[in-house]
Amino acid sequence: MRQKQQLKSISVYVPIERVEANLSEIGFLLVGSSTIVADGKFWKKMLYVNKEETINVSEEIGDAYPKDPIITICGSKTTILNVINGVKY
Amino acid sequence: MPMYECNEHQFVENIRRMIETSEKFLVNRKINWHDDAKYGPATLPDPEFEKYAILIFRKSLRATVFSRVPFVDDFHKRIYDQGESLHASSNLKFPRLSIPYYRVEYSINLWGGTYYFNFDALFNPEILMEKRRGKLLGKDGSLIYVLKFNPPEENILNINLPKGVMVFDVKNMIKVIDYTSNF
């Protein structure tokens, strides 16, 4: 049965590679990316999709430190928990 | 009417909180394309600048950008010769080669206040080699690099929201100032 979609945004202090690996593990595919400018900074905004669920990942471009990708999930409660657990230290 | 600026994380979390309260609300979205020379190659961070590396070069971030080879800017219908200055470090606000972008504005109105999140999405460069004709390229035409700008796909610009949250596209937002609180 399809679960009700929920919304969650998290900001995490983990490398983008770890976020990408986690999303790939739980079945999400990168379908596109774009360069955006927000808060006076350049970001790479990526869209991951798995059936009807979507995850946006925004990471600052350049030498910024520390990097804290913003992950926005529109999906089931299970997916949200999987993402949160997958990017925990 | 106060307006509160949010970043992406704050804006989405505010919407999530609204959804959890079962409060009815509307998300407004405004997308307009601009080409007002706000963005030029000298101020692009290195990973973004690399996309143009076949055509242009610079010593470092904010240094003057020069053309590496002759090329046609198909979007602005201009042709640049080799070694031309395209974005001077002494004039960063006025690049000769500018990058078009979408201005995306999301907002929600709640209890008399407006909460908004804005960002600019740069068009993606595409570099091709094409046979073009013209005054400088001759009647028979010559092979030349062509720079095209493609708009980013809409699904990447969207904030994906659960079904049931209504998003209205608007052309403009008129700010109404409430003076009644002054009396």
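None of the figures in this text is laboratory data; all of them are computed from the coordinates on show. Just so we're clear, the structure is a prediction, and the values are computed from it rather than from any experiment. Heads up, the Cβs are rebuilt from the backbone with ideal geometry, glycines too, and the neighbour counts pull from every protein chain shown.
Observations, loosely collected:
- Applying the criterion of being free of Cβ contacts under 8 Å to residues at least 12 places away in the same chain and not in a strand (DSSP E or B) to the residues of region A:22-41, the residue that is nearest to the other protein chains (Cβ to nearest Cβ) is A:Asp39.
- The single condition among (1) part of a helix (DSSP H, G or I); (2) of a type outside the set (S, T, N, Q); (3) in contact (Cβ under 8 Å) with a residue 12 or more places away in the chain; (4) out of contact with any helix residue (DSSP H, G or I) (no Cβ under 7 Å at 6 or more places or on another chain) that B:Lys30 does not meet is (1).
- Of A:Lys8, A:Lys88, all but one fail to be part of a loop (DSSP other than H, G, I, E, B) and farther than 24 Å from B:Glu50 by Cβ; the exception is A:Lys88.
- Every condition in (1) within 18 Å of B:Glu126 (Cα to Cα); (2) of a type outside the set (D, E, K, R); (3) away from chain A (no Cβ under 14 Å) is met by B:Ala63 except one, and the failing one is (1).
- Taken residue by residue, region B:145-153 has at least one member that is over 27 Å from A:Val31 (Cα atoms), part of a strand (DSSP E or B) and out of contact with any Ser or Thr (no Cβ under 9 Å at 6 or more places or on another chain).
- Residue count for region B:33-45 satisfying the condition of being part of a loop (DSSP other than H, G, I, E, B) and without any contact (Cβ under 8 Å) to a residue 60 or more places away in the chain: 3.
- Breaking point among (1) buried (at least 16 other Cβ atoms within 10 Å of the Cβ); (2) over 24 Å from A:Asn56 (Cα atoms), for B:Trp111: (1)
- Considering (1) away from chain A (no Cβ under 14 Å); (2) in contact (Cβ under 8 Å) with a residue 24 or more places away in the chain; (3) more than 19 Å from A:Gly40 (Cα to Cα), the lone condition that B:Met129 does not fulfil carries the number (2).
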